[in-house]
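Remarks on the structure that follows.
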Amino acid sequence: MVFRNWDKELTEENLREQITKAQQAWKQAEATEPRAESVYYNQSEDLIAIELKNGAIFCFPPSLAQGLEGASPEQLADVWLPPSGSSVHWESLDVDLGIPELVAGIFGTKSWMAD
């Protein structure tokens with residue numbers, strides 16, 4: 001199979017090379033980026049609490065995050081983590097936030113953060 005619009009032809013060898021690079025990038029991210037172990041909404045304090053795999057706890061008010069402002073306590077409590085722990089997700093709100101971005105203080109898109 002050959003796709004002429006790509007920089008390289010898609011061959012079995014190129015595909016294996018790309019898979020190897022992706023695996024190495026994943027291992028690097030796992031070793032250096034913050035990953036979540038659990039997440040929950042603390043309604044009494046109005047905070048999203050994320051427990052990181054390194055033992056740290058990161059909390060923020062939902063009003064800071066794009067897509068969470070104005071959400072009900074029930075919607076905020078309906079949060080889950082993928083097995084990688086690389087993001088948090090609210091299905092009913094259609095919101096995904098990356099853990100490394102949150103820890104860095106990035107709570108939405110560039111245009112949303114600029115407002």
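The values are calculated or read from the model by the stated rules, or taken from the named source; none is laboratory data. What you are looking at is a predicted structure, and each value in this text was computed from that prediction instead of being measured. Backbone-built Cβ (ideal geometry, glycine too); neighbour counts: all protein chains shown.
The table below gives the values:
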read-out: Positions within segment 52-88 being surrounded by 11 or more Cβ atoms within 10 Å (Cβ to Cβ), in a loop (DSSP other than H, G, I, E, B), of a type in the set (S, T, N, Q) and modelled with pLDDT of 95 or more, in sequence order; value: Gln66
read-out: Segment 95-115 - residue that is under 13 Å from the mean Cα position of the chain (by Cα) and of a type in the set (Asp, Glu) and, of those, farthest from Ser38 (Cα to Cα); value: Glu101
read-out: Every pair of residues 6+ apart whose Cβ atoms lie under 7 Å, when the first sits in segment 61-88 and is without any contact (Cβ under 8 Å) to a residue 40 or more places away in the chain while the second is among the polar types (S, T, N, Q) and outside any loop (DSSP other than H, G, I, E, B); value: Glu69/Ser63
read-out: Scope segment 66-115; condition of a type in the set (Ser, Thr, Tyr) and either within 29 Å of Gln23 (Cα to Cα) or in contact with a helix residue (DSSP H, G or I) (Cβ under 7 Å, 6 or more places away or on another chain) (or both); matching residues; value: Ser84, Ser86, Ser87, Ser92, Thr109
read-out: Single condition Glu45 does not satisfy, out of (1) in contact with a Leu (Cβ under 7 Å, 6 or more places away or on another chain); (2) exposed (fewer than 15 other Cβ atoms within 10 Å of the Cβ); (3) more than 20 Å from Ile106 (Cα to Cα); value: (1)
read-out: Every residue from segment 89-104 that is among the hydrophobic types (A, V, I, L, M, F, W, C) and without any contact (Cβ under 8 Å) to a residue 24 or more places away in the chain; value: Trp90, Ala104
read-out: Test for Ala49: is it touching a strand residue (DSSP E or B) at 6+ places or on another chain (Cβ under 8 Å), outside any helix (DSSP H, G or I) and farther than 25 Å from Ala114 by Cβ; value: yes
read-out: Positions within segment 89-115 being assigned to a strand (DSSP E or B) and not aliphatic (A, V, I, L, M), in sequence order; value: His89, Trp90, Asp96, Gly98
read-out: Hey, Gly70 of a type in the set (Gly, Ala, Ser) and either on the phi > 0 side of the Ramachandran plot or touching a His at 6+ places or on another chain (Cβ under 8 Å) (or both) or not; value: yes
